[in-house]
1. For region 125-137, check the following and say yes or no: at least one residue is modelled with pLDDT under 85 and either among the β-branched types (V, I, T) or within 15 Å of A30 (Cβ to Cβ) (or both).
2. Would you mind stating whether A73 is in a helix (DSSP H, G or I), modelled with pLDDT under 90 and within 36 Å of the chain's Cα centre (by Cα)?
3. Quick check on region 342-367: of everything there that is surrounded by 12 or more Cβ atoms within 10 Å (Cβ to Cβ) and β-branched (V, I, T), which residue is nearest to the chain's Cα centre (by Cα)?
4. Any chance region 95-111 includes a residue that's hydrophobic (A, V, I, L, M, F, W, C), exposed (fewer than 15 other Cβ atoms within 10 Å of the Cβ) and in contact (Cβ under 8 Å) with a residue 40 or more places away in the chain?
5. Looking at region 257-280, is at least one residue surrounded by fewer than 16 Cβ atoms within 10 Å (Cβ to Cβ) and in contact with a Gly (Cβ under 8 Å, 6 or more places away or on another chain)?
6. If L388 passes every condition in (1) touching a His at 6+ places or on another chain (Cβ under 8 Å); (2) surrounded by fewer than 17 Cβ atoms within 10 Å (Cβ to Cβ) but one, which one does it miss?
7. If we only count strands (runs of 3 or more DSSP E) wholly inside region 226-322, which ones have 1 or more residues that are touching a Cys at 6+ places or on another chain (Cβ under 6 Å) and in the same structural domain as A402 (by TED's automatic domain parsing)?
8. Please work out which one of (1) within 19 Å of V128 (Cβ to Cβ); (2) touching a residue at least 40 places away in the same chain (Cβ under 8 Å); (3) surrounded by 13 or more Cβ atoms within 10 Å (Cβ to Cβ) is the condition V87 fails and give its number.
Amino acid sequence: MELVPQAAAPPHPGAFADEFGVAVQSLRQAVDRLLRSLDADPSRPQDLSRRFGLNKNLTWKLSRLIASSDPAAALRFVPGNSGLKIVRDTLGSMAGAERDAELAAAIERFDAMVNRHAGDRSSLEMLVQGLAHERLEPETLEAARRLAFQGNSAIWGVQARVQLSATVLYPSASKPGWVDTLDIGGLLDFRRIRPEVRWQLFGRQSYDLDAGLPKPSESEPIVPPAGGPGGAPLLPQFCTSPLPRVDAEPTSDQVRYVLPGGPIGNTAQLTCVYATVTREIGPATVDTDDGWSEIGTNLITPVEHVQLDVLVHEDLQLPPFPEVRLLGRMDGHSPFAAGERSGRSLPFGERVVDLGRGLTGLASAQVPGCAEIVAYALEQVGWSSEKLRGWRFSMPFPPIPAIAAIALPLPQRK
C-alpha cells in the first residue's frame, strides 16, 4: 500500500474564519457592483424582480445579502448554485465583461471555500453556527434545533409539547439564614411514538456543587402521592384523567419516576405535573463574593418548548441580575462542578424575561394556567406569593441531553 502525502493543514485556527469572511464579502461586493452598474437599487428587491424578470425570492435574497455586513448573518442569504447561475446568465452580459468576471471569480472563491472547509452548504452553515453563534439571529439556531427535535422524536419514540419547570426560593422557617425550595415540573401533552418505550418523567437527586457529585435527595411531595408513600408526587388536578401511571424506581443515588409503555398518538397523549418541597437546601449567603444560586432543569425529552421559571422571595436579597446557562450532557453526567464545565456551553439566542412581583407575570401561552399551578403549590406549603419576584427563560425545541439553568449571584455574608 502506498501512502499518499496529504495537503498541509491550515496554518492557524483562524484559517476558516478568514477564508469564510473574505469569500462572503467578495460575493457581496460583486453582486452589489453588478447591480449598481445597471443603475439598479439593491434595497428594492421588488423593482429588481420586475425589471429583470427574476424570481422575487431570489431578488429578496440578493437584497438581504448586500445589506448584511456580518458574513455569518449574510450566509443564509447567499443563493444556491442555480440561483447564482441565473443571476450571471441574466445580468452578466448586461453589466459588461468586467462586472461579470468579478462575479464569476467571487462565486468560484466561495465554492472553493465551501469545498475546502465544509464539503457542502449544509455543513458550512453548521460550521458558521459554531463559529459565530453569539452573532446569529435566534431563528437560525432554532431552525437547527427544530430538525434535532424531529430526529430525536423518531429515534427515542416519544415527544411532548412543553416541559415545565418552576422553582420558588423561600426563606427557611426552620433554619434562619437558609433557603427552602418548592420545585414544580411536568411534561404537557406527552405522547408516545412507539408503544414499548418507557420514559423518565423526572428524577429526585441533589448535588454537592463543589464536587459535582450526587447526594441523597431530601425533597418531599407537597400532597400525599396518589399511589401511596413512595409514589410519584403528582398534582392530580393538573394532570390528565385518568391519572397517568408513573413507576417509582429507586437507585443508589436517586429516585427515577418513569412513564411505562402504552398506546401511541394523540388519543393517548397525557400531561403530568408534579411538585416537591425541600427544606433547608442551603444558606442564603456565602463567604466569598463569587457565589451563585443555580436553578435548572434536566432536558432529556424531545419537546417543542421548555419554560423555566424562578421565583425568589425578596427577603433573600438576591441581586436581580440573573443569567442563563445551557450546558450539554452528552456524556450523561451533570456538569455542576466548575471544573467540568469547560467546553459544555451550548449556543442559544433567547434571553431571561423579568416577570415582576407576585404571580401576575406567570401568564403563559405555552402553559395555560401556569399561575394557578404555582398558586396551588404555594398554598399547599403555606407560602405567600406577595414578596416573590420572578424570571423566565423559555426556548423552542431545546437541545437534549442538556441542562438549562437560571443563575443568580448570592449575596456575601456580612
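1. Checking region 125-137: at least one residue is modelled with pLDDT under 85 and either among the β-branched types (V, I, T) or within 15 Å of A30 (Cβ to Cβ) (or both).
2. Yes.
3. By that ranking, first place goes to V352.
4. Within region 95-111, one or more residues are hydrophobic (A, V, I, L, M, F, W, C), exposed (fewer than 15 other Cβ atoms within 10 Å of the Cβ) and in contact (Cβ under 8 Å) with a residue 40 or more places away in the chain.
5. Checked region 257-280: at least one residue is surrounded by fewer than 16 Cβ atoms within 10 Å (Cβ to Cβ) and in contact with a Gly (Cβ under 8 Å, 6 or more places away or on another chain).
6. Among (1) touching a His at 6+ places or on another chain (Cβ under 8 Å); (2) surrounded by fewer than 17 Cβ atoms within 10 Å (Cβ to Cβ), L388 violates only (2).
7. Answer list for region 226-322: 270-283.
8. (1)
The values are calculated or read from the model by the stated rules, or taken from the named source; none is laboratory data. Keep in mind that this is a model prediction, so the values were computed, not measured. Note that each Cβ is placed from the backbone with ideal geometry, even for glycine, and that neighbours are counted across all protein chains shown.
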